[in-house]
Structure formats: structure tokens, C-alpha cells
Amino acid sequence: MKETKKPVTRTTGRDTPSEGWTDEERAAMKEHGRELKAAARSSKDRADGESDVLGKIAEMPEPDRAMAERLHAIIKAGAPSLSPRTWYGMPAYAKDGKVVCFFQSAQKFKTRYGTFGFSDAANLDEGAMWPTAFALKELTAADEARIGELVKRAVS
């Protein structure tokens, strides 16, 4: 009689498949999936994207909401060629379909500060190392001017 081999069972070493991801990270990934599906179903125009971004900003608690509103205005004024859209549930701004910059509220992942960041599609290369994200607790006039300059440079 032949001996029957048992199938090999692979384990991840985790108690559950989702261990290692926070609830907020899982929610952001699911939201990104919904964003991709919505974009595939219909080619969203600029007005739809802006409406989505303004909706996400409106959901934010203060002071993140005020910062996001101000960043939205700075980006629209400094780089009108960028298209507003959501990205992982965050306000983001894209050029040719690729996200160039985004705002992550402090509340999104329960951090002590918001983050204004740039993707690799941004033209910010400066030598062998340069910053791609900035922590924001508030926006001063000097901060706003610097962000405006960075956004203009990112799309150049």
C-alpha cells in the first residue's frame, strides 16, 4: 500500500493575515482600490477630482482641514496644470495621471503632525539626496511661500 503524502501547508508566521497592518493602513489600501476602480470605470475630469479632494478636506478635523484648504489654494495657484484627485484617501495633485504631491492629515494615521509630500514624479532632484516630505503642525507665511516654490519646481 502506498503512503499518502500530506499537502504542504505554508504559514506566514502571523496569527492572522492582516497582522502588521493598522486599521488605518488597511482602510487606506481599500480606499485606494476603490479610487482605482472608479478611475477605470470612467475617465474622471478635473471637476470630479476637485470635488473628491474638497470632500476629503471637509471630512478632516481642525487644524488639518485649515492646512489642507490652504495647501489646496497654494497648489492651484502655483501649479494650475496639476489635477486634483484623491490618493489612498488623501488630497493629491497629479500631472499626466501621476501623483506629484499630496497632503496626509495627522488624523489619517493618528500621527502628531500632518505631512505634505512629493512622489518620485516631482522634479525636485537635487544632488544625491533631497527631502520628499515635510511635517506640518501649522502653516506660516514663510512655509506657504516655500511650499509654493517647491510645487512650481516639482512640475517644471
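The values are calculated or read from the model by the stated rules, or taken from the named source; none is laboratory data. Everything numeric in this text was worked out from a predicted model, so none of it was measured. Ideal geometry is used to build each Cβ from the backbone, glycine not excepted, and the neighbour counts take in all protein chains shown.
Couple of notes before you dig in:
- Condition met for A106 (part of a strand (DSSP E or B), within 17 Å of the chain's Cα centre (by Cα) and not basic (K, R)): no
- Among the conditions (1) of a type outside the set (D, E, K, R); (2) surrounded by 13 or more Cβ atoms within 10 Å (Cβ to Cβ); (3) modelled with pLDDT of 95 or more; (4) part of a loop (DSSP other than H, G, I, E, B), the only one that P61 does not satisfy is (2).
- Verdict on P91 being outside any helix (DSSP H, G or I), surrounded by fewer than 18 Cβ atoms within 10 Å (Cβ to Cβ), at pLDDT 95 or above and on the phi < 0 side of the Ramachandran plot: no
- Test: residue in region 123-135 that is under 19 Å from A66 (Cα atoms) and of a type in the set (V, I, T): no
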